[in-house]
Amino acid sequence: MVRTGVADECADREHRGWGMIAAVRESVATGTAWASSDPQAGRDLADWSAPTGPARLYLVLTLVCVGYFVVAWLLRFARAYRLRRHPAPPTAGRPLDVWEIALLVGGPTRFAQVALVAMHRRRRAVIGADRRVSLLAPRPDDEIERTVFDAVGPARTALVGPVVDAVARPGPTAGWRPVRARLEQDGLLLTEQDVDPRGIGGLCVVLLLGVVLSFAEAVSGSPAWAAVVFFALIVLVPRLFAKSLAAQTMAGRARIVELRTMPPTVWTDTDEDVLTRIAVFGPEAIPDPIVRSSLMSPPPTPSSS
């Protein structure tokens, strides 16, 4: 009798197991889910996924803004590609001074580095091993030195890194703007309007409004998945689209190749040639090891682990 009861129980469990497997197969075949057997659950899922009237209007506005921004970015890229290949004017082959070379090859950051080294070599400032620059001259001699004086500040000493960043920062009174204007006129650089991103701030404001509205919906009981999506877009959009395009035209790139392939015998130890080497090759070409290490990126701090 005991064996018969055990056998009956095993047979019953096997029967129920096969029944559940058959039900799962039928559910998958018909495209329904276990939760879909409840009509109220289906209505809740529809309410959760379908936006309301104001939310639908905002969603349309967001899609229009994102689409417009992407199309504008593609058009800007195509326009810059076309402008780079315009024939250069005859003045594109003229000799360039050290400031023009620095801005053409390395941009405003290279320009600022050359300015500091120039003041150091002329004893108008000193760059120490502590990565600080200290002013020695009582007043600036030109506009480039004036930007360095303004970046250092009234204390007349500051860390090299922030000073370089301040000199390279774009602004209406930046010392490198007249130099850039000459390079643009010679067809070696595109204008800032052609290469700088536009509309990033406005698009992020639109997406930020979506985060606020989504969290407001979450407070009232709806899921906050939309807020997460909008927040992710705010993080990704600047990384994808907030980068400036390369400013050098084809003529400008040809000049850079020409400068980088000049034989070493052309260079001497004069201030002009040393600064020109730095303008072309960067801080690695600074002969003074203290100044070179101060202007180069500091080594990474070793981890405690």
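Structural remarks
- Tabulated pairs, region 175-198, first under 25 Å from residue 75 (Cβ atoms) and assigned to a loop (DSSP other than H, G, I, E, B), second at pLDDT below 95 and hydroxyl-bearing (Ser, Thr, Tyr), C-beta under 8 angstrom, 6+ apart or interchain: 187/91; 187/249; 188/249; 190/249; 196/244; 197/244
- Take the conditions (1) crowded, with 17+ Cβ neighbours inside 10 Å; (2) under 18 Å from residue 291 (Cβ atoms); (3) among the charged types (D, E, K, R); residue 131 misses just one of them, which is (1).
- Residue check, residue 102 crowded, with 21+ Cβ neighbours inside 10 Å and over 30 Å from the mean Cα position of the chain (by Cα): no
- Per-region count, region 122-145, residues among the charged types (D, E, K, R) and closer than 28 Å to residue 247 by Cβ: 3
- Of the residues 72, 102, 80, 92, the single one that is small (Gly, Ala, Ser), closer than 17 Å to residue 258 by Cβ, modelled with pLDDT under 80 and out of contact with any Ser or Thr (no Cβ under 6 Å at 6 or more places or on another chain) is 92.
- Count - residues of region 144-160 that are without any contact (Cβ under 8 Å) to a residue 40 or more places away in the chain and assigned to a helix (DSSP H, G or I): 8
- All conditions but one from (1) more than 30 Å from residue 85 (Cα to Cα); (2) surrounded by fewer than 21 Cβ atoms within 10 Å (Cβ to Cβ); (3) not polar (S, T, N, Q) apply to residue 262; the one that does not is (1).
- The set of residues in region 105-143 being of a type in the set (A, V, I, L, M, F, W, C) and either part of a helix (DSSP H, G or I) or in contact with a Phe, Trp or Tyr (Cβ under 7 Å, 6 or more places away or on another chain) (or both) consists of 105, 111, 112, 114, 115, 116, 117, 118, 119, 135.
The values are calculated or read from the model by the stated rules, or taken from the named source; none is laboratory data. Source: prediction; values computed, not measured. In this analysis, Cβ positions are derived from the backbone assuming ideal geometry, glycine residues included, and neighbour counts consider all displayed protein chains.
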